[in-house]
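The values are calculated or read from the model by the stated rules, or taken from the named source; none is laboratory data. Source: prediction; values computed, not measured. When we count neighbours, we look across all protein chains shown, and the Cβ atoms used for this are built from the backbone with ideal geometry, even at glycine. Accessible surface areas use protein heavy atoms only, side chains included; no ligands, DNA or RNA. Shrake-Rupley method; radii C 1.70, N 1.55, O 1.52, S 1.80 Å.
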Amino acid sequence: YGADLTKFCATGGVFSKGTRVGMTQYTLEEMQAIVDESHTHDRKVAAHAHGTEGIKRAILAGVDSIEHASFLDREAIRMGIDRGTYFALDIYNTEYTLEQGAANGVPEENINKEREVGTRQRESFSLAVKMGARVVFATDAGVYPHGDNGKQFARAVRFGMTPAQAIQSATAVTADLLGWEDRVGEIRPGLYADIIAVHGDPLADIAELEDVDFVMKGGVIYKHK
């Protein structure tokens with residue numbers, strides 16, 4: 001039907017109902033079938049995975065990226081490095097869920113699962129960065145209001161990235177994951193003119209990227225303060 005990406009839930013999630021966060025939900029063979037069929041049609045595959053076993057199965061099955069990747073261990077990270085898997089750890093949204101979740105009507109069951117995941121996911125993020133894994137910018141936006149996505153940058157730096165690495169995780173590294181490195185991810189001739197600008201220096205203060213002053217997409221200016 002024209003979808004350009006396959007995503008499946010390798011494990012239970014924080015906001016899913018009636019499942020444990022890390023509970024594995026597919027066999028390795030089922031995951032391999034998903035990946036093989038998708039890659040046959042030149043489609044990338046993302047696996048929502050919190051639990052360690054589900055993460056490892058998804059990596060072995062050949063997925064392109066692991067979304068959330070909360071309960072990583074060294075073996076899982078090494079497997080991902082060896083197989084070229086990207087890790088997408090969304091480490092800002094925990095703050096929003098714990099601070100605003102109840103007021104937004106999030107059930108206590110899900111808030112408790114967020115408490116279970118949050119600290120461990122940040123530890124996984126730090127370890128993945130330290131070991132040299134391919135870590136891409138991830139937000140889980142929608143759990144919190146769209147537009148606050150940039151708050152992920154400061155958390156990425158707080159938990160192990162340099163400002164330059166954090167910016168690259170949202171540009172060049174993500175372009176590589178998507179297979180769009182010939183279209184986006186850098187500012188150079190021949191690529192889409194998708195550019196943002198801020199008044200300050202994000203290499204000196206990464207939080208500058210939370211207040212974007214200029215937006216150009218495809219050469220068209222959409223925002224200019």
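Some values worked out for this structure:
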| quantity | calculated |
| --- | --- |
| Contacts under 9 angstrom Cβ, first residue in the stretch 14-34 being under 17 Å from D64 (Cβ atoms), partner aromatic (F, W, Y) and open to solvent by 60 Å² or more (accessible area, probe 1.4 Å), 6 or more apart | I34/Y26 |
| Residue within the stretch 102-113 that is under 23 Å from K7 (Cα atoms) and surrounded by fewer than 21 Cβ atoms within 10 Å (Cβ to Cβ) present | yes |
| Unique match (being open to solvent by less than 20 Å² (accessible area, probe 1.4 Å), hydrophobic (A, V, I, L, M, F, W, C) and within 15 Å of the chain's Cα centre (by Cα)) among A76, A46 | A46 |
| Residue tally, condition open to solvent by less than 30 Å² (accessible area, probe 1.4 Å), part of a loop (DSSP other than H, G, I, E, B) and over 16 Å from Q121 (Cα atoms), over the stretch 146-167 | 1 |
| Lone unmet requirement of (1) within 13 Å of the chain's Cα centre (by Cα); (2) buried (at least 21 other Cβ atoms within 10 Å of the Cβ) for A141 | (2) |
| Total residues in the stretch 172-192, condition in a loop (DSSP other than H, G, I, E, B), without any contact (Cβ under 8 Å) to a residue 24 or more places away in the chain and open to solvent by less than 70 Å² (accessible area, probe 1.4 Å) | 3 |
| Of the criteria (1) open to solvent by 70 Å² or more (accessible area, probe 1.4 Å); (2) in a loop (DSSP other than H, G, I, E, B); (3) within 30 Å of V157 (Cβ to Cβ), which one Y1 fails | (3) |
| Extreme residue, surrounded by the most Cβ atoms within 10 Å (Cβ to Cβ), among residues of the stretch 4-43 that are aliphatic (A, V, I, L, M) and modelled with pLDDT under 95 | V14 |
| Qualifying residue in the stretch 200-218 (condition: touching a His at 6+ places or on another chain (Cβ under 9 Å), at pLDDT 95 or above, surrounded by 15 or more Cβ atoms within 10 Å (Cβ to Cβ) and not aliphatic (A, V, I, L, M)) | yes |
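Matching residues to (1) more than 19 Å from the chain's Cα centre (by Cα); (2) among the acidic types (D, E):
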{"residue": "P163", "(1), (2)": "no, no"}
{"residue": "T174", "(1), (2)": "no, no"}
{"residue": "L191", "(1), (2)": "yes, no"}
{"residue": "D205", "(1), (2)": "yes, yes"}
